[in-house]
Amino acid sequence: MNKFAKDNIPRDDQTIDPDNVLDVEALALRTGITGDQAQALVDRIGNDRAALEQAARELKQQESEIS
């Protein structure tokens with residue numbers, strides 16, 4: 001049995017934990033998209049932080065062009 005909880009393990013800065021709501025919400029806050037949009041990107045793209053942040057910025061840009 002592992003004596004350390006999952007949250008006590010340092011995370012890799014290059015990925016996010018798709019099951020961790022705080023990681024997904026942090027992506028949303030950093031990039032200006034909604035939490036639901038961030039979760040949809042994670043579900044579609046996976047956990048690669050750089051790819052997610054790029055996709056989120058592109059999504060935000062598309063939204064601003066439409067408005």
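Select from the range 32-67 the residues that are within 19 Å of ASP19 (Cβ to Cβ), of a type in the set (Gly, Ala, Ser) and outside any helix (DSSP H, G or I) and list them in ascending order.
Once the filter is applied, which keeps residues that are within 19 Å of ASP19 (Cβ to Cβ), of a type in the set (Gly, Ala, Ser) and outside any helix (DSSP H, G or I), the range 32-67 yields only GLY46.
Looking only at the range 13-27, how many residues end up being in a loop (DSSP other than H, G, I, E, B) and more than 10 Å from LEU52 (Cβ to Cβ)?
So the answer is 5.
ASP7 passes all but one of (1) open to solvent by less than 40 Å² (accessible area, probe 1.4 Å); (2) modelled with pLDDT under 95; (3) assigned to a helix (DSSP H, G or I); which number fails?
So the condition that ASP7 fails would be (1).
The values are calculated or read from the model by the stated rules, or taken from the named source; none is laboratory data. Nothing here was measured: the structure is a model prediction, and the numbers come from that model. Reconstructed Cβ throughout: ideal geometry from the backbone, glycine too, with neighbour counts over all protein chains shown. When the accessible area is computed, the model is the full protein with side chains, heavy atoms only, and any ligands, DNA or RNA have been set aside. Shrake-Rupley method; radii C 1.70, N 1.55, O 1.52, S 1.80 Å.
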